[in-house]
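Computed from the coordinates by the stated procedures, all read-outs in this text should not be read as laboratory data. Predicted model, so just to flag it, every value in this text is computed and none were measured. Neighbour counts run over all protein chains shown; Cβ positions are idealised from the backbone, glycine included.
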Amino acid sequence: PTMLACDKANKTSEGKVADVAAPISDFSLTEEQRKIVAEVAEHIIPKTTSVGAKDVGVPAFIELMLKDCYKPLEQTSFMEGVKALEDSKFLTLAPAAQVEALKKMETETIAEMERRNVEKVKVGDNVDGEAIDKAEKGIPFWRLTKELTLLGYFTSEKGLTQSFDYQPIPGEFKATKL
């Protein structure tokens, strides 16, 4: 989905590059919306014995990706989700109530994706791009947030090195004569 979201050039049947909707250049979040995104990301990947989503800068990554790489439909869909959480006073809820609100959002997202007949595939396949492009709405907030949280976390140095047994060199180099 990230490569799909970055507006790779679409070709017409004549092989020419088609016009592609540009991202909203003034896309930004308010301070409260940033806090909401940070809390949601932290619920997805919480701090345990390893760093959490907030520790590695996932909230800023999400905002940057949405601003620079995603289409207006996704940006609008994301903002609708953030505003729904903002209207429900998400930040004032107890952690358990926040989790319940996110579980409800996930259930709604699954139902929405099924209505669109989107295939269940792993994140990098992009086979659901056509189904999503035909929809009147962009990718739902919850799906975008989960994908960007995972992408931001596992492409950060701390997220990668603390979540996996990272071996920078697969062993010692020993020169041998043949």
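Translational diffusion coefficient, Stokes-Einstein: compute it for the stretch 61-108 using the Kirkwood radius over C-alpha pairs as Rh, at 25 °C and 0.890 mPa s, and state it as an integer in µm² s⁻¹.
Values: Rh = 11.9 Å.
Answer, rounded: 207 µm²/s.
With a Förster radius of 25 Å, plug the Cβ-Cβ distance of GLN162 and ASP26 into 1/(1 + (r/R0)^6) and report the FRET value to the nearest 0.05.
On the way: r = 35 Å, r/R0 = 1.42.
For R0 = 25 Å, the calculated efficiency reads 0.10.
If you take the beta carbon distance between GLU114 and THR76 as r and set R0 to 30 Å, what does 1/(1 + (r/R0)^6) give as a FRET efficiency, to the nearest 0.05? Write out the running numbers ahead of the final one.
On the way: r = 21 Å, r/R0 = 0.71.
Plugging the Cβ-Cβ distance into 1/(1 + (r/R0)^6) gives 0.90.
Work out, step by step, the length gained on full extension between LYS89 and GLU172: first 0.36 nm times the residue separation, then minus their alpha carbon distance; give nm to one decimal. Walk me through the intermediate numbers first.
Working: separation 83, 0.36 × 83 = 29.88 nm, distance 5.44 nm.
Working it through step by step, the gained length comes to 24.4 nm.
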